[in-house]
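Notes to accompany the following structure.
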Protein chains: 2
Amino acid sequence: MSIPLRAVDVIRRKRDGGVLSAQEIDFFVQGASSGTGWTDYQLSALLMAIFLRGMSEEETIRLTQAMAASGTRLEWSDLPGPVVDKHSTGGVGDKTSLILAPLAAACGVYVPMMSGRGLGHTGGTLDKLESIPGFQVCWEIDAIRQLVRNNRLAMVGPTPAMVPADRTLYALRDVTATVESLPLITASILSKKLAEGIQGLVLDVKCGQGAFMKTRVEAEALARSLRDVGTAAGLRLAVLLTAMDAPLGRCIGNALEVREAIATLRGEGPEDITELSLHLAAWMLVLGGITASVDAARHWVERALRSGEGLEVFRRCVAAQGGDPRVVDDPSHLPQAPHITTLQADRPGIVAALDAELIGLATMRLGAGRAHKDEAIDHAVGVVCRVHPGEKVTPGQALLEVHYRDANRLYAAWPLLQQAVVLSEYPPPSLPNQPLLLATWS
Amino acid sequence: MSIPLRAVDVIRRKRDGGVLSAQEIDFFVQGASSGTGWTDYQLSALLMAIFLRGMSEEETIRLTQAMAASGTRLEWSDLPGPVVDKHSTGGVGDKTSLILAPLAAACGVYVPMMSGRGLGHTGGTLDKLESIPGFQVCWEIDAIRQLVRNNRLAMVGPTPAMVPADRTLYALRDVTATVESLPLITASILSKKLAEGIQGLVLDVKCGQGAFMKTRVEAEALARSLRDVGTAAGLRLAVLLTAMDAPLGRCIGNALEVREAIATLRGEGPEDITELSLHLAAWMLVLGGITASVDAARHWVERALRSGEGLEVFRRCVAAQGGDPRVVDDPSHLPQAPHITTLQADRPGIVAALDAELIGLATMRLGAGRAHKDEAIDHAVGVVCRVHPGEKVTPGQALLEVHYRDANRLYAAWPLLQQAVVLSEYPPPSLPNQPLLLATWS
């Protein structure tokens, strides 16, 4: 005879610093996905207890697996090639997904990429894609399977049938100050990726002023947690630690970023975005078993870029998902903001920093992002950086190009933008984003 | 311009070990009483953060005051005498309220006693009173005022208009494992008493195996917290630490305890119950300013007992609140269990302990108490202790008299009762409940 579990007893055990059993964790996750045995206020009490008391690696592994199993899990055994995805912890100006996914698919990897929306100062891949007129990100599981089978690539949002436990818990964490917990972040990220049924996952953990993890110590702790738990849960993983002090590339804002991603797929992108996209895509090939070394994989990926195969995969993806494929050849089909103004240097100097967080927040204030989950966003607005850290500027030189619709929003964003560009008499001791790649675990 | 507060920011501050401002605490309490700005899952996240991070004395004082002010607060300035109440943290067999309240009222103190119901192994004054046929504990505020004015005594439950914040928070704490928190316990107890509008409060903090606080250290910490916060909130307080290892008196169970209380008011009660009731009542007189010293007050209270004035106040109270006053003269008008059996000694020995917690739990299993808030209870059933700690017993001697209705419930209670009476070859080194009074702060 087994004694039925009670939520209050599970909460009490974690409250007192104890270790939850596999059975207790399963019971909690079942409660989060179906409500059985748990109320929202009991879930949030346990989330706070986990936040303050932590979880062992074993507990985190079980939590991850239970969450992944809380809904439908995709299955790809009928595909003739490896299935790999990439995830980033969130950056400013990071449009690498739009570039690396087509490149990896062009090299033979199947990529059922499930992304999220932007929140706060960081952008989201789904919002960027939706700036392409007609592009649909919400698909049923069968349709996603068809997209991936036909073009090796789908760029979609999660379906309601997948990881319901994470949806409940994430919504609660957001409003109960229990977001920044290593085991909870780890389980949230990895459960969604496990539910995709992928074999390999490239994880880009951002570190720096514009990232969720501001310090190297925090970012490394998250990277190690993701690697250890992901590996134990049966994923092939490469975890890369990359700098996020200045924005990635020159464009920040949804349509502006799509335009820059397309330019990069044409071989005309900024160096940092091109470099990071190629490197991450190369790791996807390695994890997919296409080649054994990153150097060899890099060679393949570069060829897919030069040959235009990556761009072709992207074009087919846009068309297959209902988007206007003309944007690929003519960016004027993307939404454009009615007004552009520039922030100019008021004195000579050297650009010591472009603060990614402030530029991200300013872009949000322009309307490109959301402070709350349900806000509508303006795909056209954003910021283009006309200078890069280390560059010498003269008075009157344009530093930032601001694409805006509403003057009031411009006024709200302006002081942040003024603060974001730091001019100095001397060059900065070490340039941010140099090197872009800080560490790799695989 | 003041920035509106957000629940998530208040939770974050406490989560990180910060001190909440008066404004933040008021905002939280307002959320608990009206739902404004707070959801249940945000309230419970903050409760867990308070549980694990604690609260300063200043925060606890503000929490107590805000909770007291969250609903109607009684006001007694039209009465010609002092208004005093007594509260206990919960014991087994503790029927002192039924004795000391009439005695204090007989000596000139006004007692608007608001009690609770029993939960778990401890009893509740309202349940005991309701074993008197017809006795009503639910009254509107105006009616309570009338009862107190006429007879100096009302023994009632809290009205829905009083301390709504405590009702919400207590219900959440009960199911989120956040009950045993010193600041939350302190605020819950004192806010309810402050809302009664009393000038003085005698607090009986129980300590021992049958109490909420098992150790002297825990009980003293609660006693000091109650004294310090209560004093700062404007109450005159006497906090007494009393032993709760063995049950108080001989009877445990609602009607059985009423019978014992009436016997005590006749001067025929067990020594421990008589002694504790007189002592607590004497402190009520001191706090009410009737006399300056406990010794002098004790003299008055003893006289009210001997003269039968206390019993008369109790009789009038029963009649005024709809109860059958015949119970006062003839206890056979109280409900009686259909069956009585005895637990007998199986060998000679000395009673080393009567475990209050086990006897309390056994009585609950007989039907006299409730494991969950909404259970119905059986007023007639219970246990009468036929021996006391230190007493020598011979084989076959009755140790406990068990009043029961349902044989299945008797079987469930029996093993606990067998364990509760500890027989030893030698007398215990120190007898529990000797001395009953462990410490006093005033």
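The values are calculated or read from the model by the stated rules, or taken from the named source; none is laboratory data. This structure is a prediction, so every number in the text was calculated from the model and none was measured. Every residue, glycine among them, receives a Cβ derived from its backbone with ideal geometry; neighbour counts consider all protein chains shown. Surface areas here come from the heavy atoms of the whole protein model, side chains and all, with no ligands, DNA or RNA. Shrake-Rupley method; radii C 1.70, N 1.55, O 1.52, S 1.80 Å.
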**Request:** Just give me the residues in the range B:246-269 being surrounded by 24 or more Cβ atoms within 10 Å (Cβ to Cβ) and in a loop (DSSP other than H, G, I, E, B), in sequence order.
**Result:** B:Ala246, B:Pro247, B:Leu248, B:Gly249, B:Gly253
**Item:** Of residues in the range A:119-149 being polar (S, T, N, Q) and open to solvent by 10 Å² or more (accessible area, probe 1.4 Å), the one farthest from A:Asp374 (Cα to Cα)
**Value:** A:Gln146
**Prompt:** From the list A:Ala413, A:Ala362, A:Ala368, A:Ala356, which residue is in contact with a strand residue (DSSP E or B) (Cβ under 6 Å, 6 or more places away or on another chain), touching a residue at least 12 places away in the same chain (Cβ under 8 Å) and under 28 Å from A:Cys207 (Cβ atoms)?
**Reply:** A:Ala368
**Request:** Take the range A:1-11 and flag every residue that is open to solvent by 10 Å² or more (accessible area, probe 1.4 Å), of a type in the set (A, V, I, L, M) and at the interface with chain B (Cβ under 8 Å from one of its Cβ atoms).
**Result:** A:Val8
**Fill in**
Counting only residues in the range B:278-295 that are farther than 23 Å from B:Leu190 by Cβ and assigned to a helix (DSSP H, G or I), the one most open to solvent (accessible area, probe 1.4 Å) is identified as B:Asp295
**Residue satisfying all of: in the range B:203-222; of a type in the set (Lys, Arg) and touching a residue at least 40 places away in the same chain (Cβ under 8 Å); least open to solvent (accessible area, probe 1.4 Å) among these** = B:Lys206
**Residue that is farthest from A:Arg149 (Cα to Cα), among those in the range A:328-343 that are in contact with a Lys or Arg (Cβ under 8 Å, 6 or more places away or on another chain) and open to solvent by less than 20 Å² (accessible area, probe 1.4 Å)** = A:Ala337
**Request:** Consider only pairs whose beta carbons are under 8 Å apart and that are at least six residues apart or on different chains; among these, list those whose first residue lies in the range B:396-409 and is more than 15 Å from B:Val384 (Cα to Cα) and open to solvent by 20 Å² or more (accessible area, probe 1.4 Å) and whose second residue is of a type in the set (Val, Ile, Thr) and in a helix (DSSP H, G or I).
**Result:** none
**Asked** Are any of the residues in the range B:12-26 facing chain A (nearest Cβ under 7 Å), of a type in the set (Lys, Arg), without any contact (Cβ under 8 Å) to a residue 12 or more places away in the chain and open to solvent by 30 Å² or more (accessible area, probe 1.4 Å)?
**Response** yes
**the range A:39-58, residues that are under 25 Å from the mean Cα position of the chain (by Cα) and more than 14 Å from every other protein chain (Cβ to nearest Cβ)** = A:Met55, A:Glu57
**Message:** Just to be sure before I move on: is B:Thr36 in contact (Cβ under 8 Å) with a residue 40 or more places away in the chain, away from chain A (no Cβ under 13 Å) and of a type in the set (Val, Ile, Thr) in the structure I sent?
**Reply:** no
**Fill in**
Per the filter on the range A:359-376, residues among the aliphatic types (A, V, I, L, M) and closer than 16 Å to A:Ala412 by Cα are A:Ile359, A:Leu361, A:Ala362, A:Met364, A:Leu366, A:Ala368, A:Ala371
**Message:** So for the range A:296-311 (the condition being modelled with pLDDT of 95 or more, surrounded by 20 or more Cβ atoms within 10 Å (Cβ to Cβ) and either touching a strand residue (DSSP E or B) at 6+ places or on another chain (Cβ under 7 Å) or assigned by TED's automatic domain parsing to the domain that holds A:Pro415 (or both)), does at least one residue qualify?
**Reply:** no
**Request:** From the list B:Arg152, B:Arg173, pick out the single residue that is surrounded by 21 or more Cβ atoms within 10 Å (Cβ to Cβ), within 14 Å of chain A (Cβ to nearest Cβ) and in contact (Cβ under 8 Å) with a residue 40 or more places away in the chain.
**Result:** B:Arg173
**Message:** Can you find a residue that is surrounded by fewer than 18 Cβ atoms within 10 Å (Cβ to Cβ), of a type in the set (A, V, I, L, M, F, W, C) and not in a loop (DSSP other than H, G, I, E, B) anywhere in the range A:344-357?
**Reply:** yes
